[in-house]
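The values are calculated or read from the model by the stated rules, or taken from the named source; none is laboratory data. Keep in mind that what you see is a predicted model, and the values were worked out from it rather than measured. So basically every Cβ, Gly included, is an ideal-geometry build from the backbone, and we count neighbours across all protein chains shown.
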């Protein structure tokens, strides 16, 4: 599988409708992602992760990715491949670690 594309610019991310964008500066770190032109969002809520699209919202246990709660927003039936959620968790964790390390370096110099 190809390496995921993490955009540094939100406008480019929205234009391309592909890859991922780490939302910095928010009180709850989140990662936006597109798969097949459909947008997803994974938010770190502290105690759990919240994964959502226009069709649903779902909370996960951070440690084992076990689904804790699901809300369906769409009246039409749909299927969701959860591979994108697992991939986004890995990217979100890496981005959080990278940006927290960058902040420490900047503030200590």
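Residues of the range 79-88 being at pLDDT below 90 and farther than 12 Å from residue 52 by Cα, which ones?
Answer for the range 79-88, where residues must be at pLDDT below 90 and farther than 12 Å from residue 52 by Cα: 79, 81.
Run down 76, 59 and say which single residue is modelled with pLDDT of 95 or more, out of contact with any helix residue (DSSP H, G or I) (no Cβ under 8 Å at 6 or more places or on another chain) and over 21 Å from residue 19 (Cα atoms).
From the options 76, 59, the qualifying one is 59.
Could you count how many residues in the range 38-68 are over 15 Å from the mean Cα position of the chain (by Cα) and in contact (Cβ under 8 Å) with a residue 12 or more places away in the chain?
The qualifying residues number 3.
Name the single residue that is nearest to the chain's Cα centre (by Cα) among those in the range 1-37 being over 26 Å from residue 72 (Cβ atoms) and part of a strand (DSSP E or B).
Restricting to residues being over 26 Å from residue 72 (Cβ atoms) and part of a strand (DSSP E or B), the top hit is 22.
If you check residue 32 against the conditions, is it on the phi < 0 side of the Ramachandran plot, modelled with pLDDT of 90 or more, in contact with a helix residue (DSSP H, G or I) (Cβ under 9 Å, 6 or more places away or on another chain) and buried (at least 18 other Cβ atoms within 10 Å of the Cβ)?
yes
Would you please name the residue that is farthest from residue 86 (Cα to Cα), looking only at residues in the range 23-37 that are touching a residue at least 40 places away in the same chain (Cβ under 8 Å) and touching a strand residue (DSSP E or B) at 6+ places or on another chain (Cβ under 9 Å)?
29
Among the candidates 51, 20, single out the residue that is crowded, with 18+ Cβ neighbours inside 10 Å, within 20 Å of residue 99 (Cα to Cα) and in contact with a strand residue (DSSP E or B) (Cβ under 9 Å, 6 or more places away or on another chain).
Result: 20 is the single residue among 51, 20 that is crowded, with 18+ Cβ neighbours inside 10 Å, within 20 Å of residue 99 (Cα to Cα) and in contact with a strand residue (DSSP E or B) (Cβ under 9 Å, 6 or more places away or on another chain).
Within the bounds of the range 94-103, is there any residue that is touching a strand residue (DSSP E or B) at 6+ places or on another chain (Cβ under 6 Å) and modelled with pLDDT of 90 or more?
Looking for residues that are touching a strand residue (DSSP E or B) at 6+ places or on another chain (Cβ under 6 Å) and modelled with pLDDT of 90 or more, one finds at least one in the range 94-103, hence yes.
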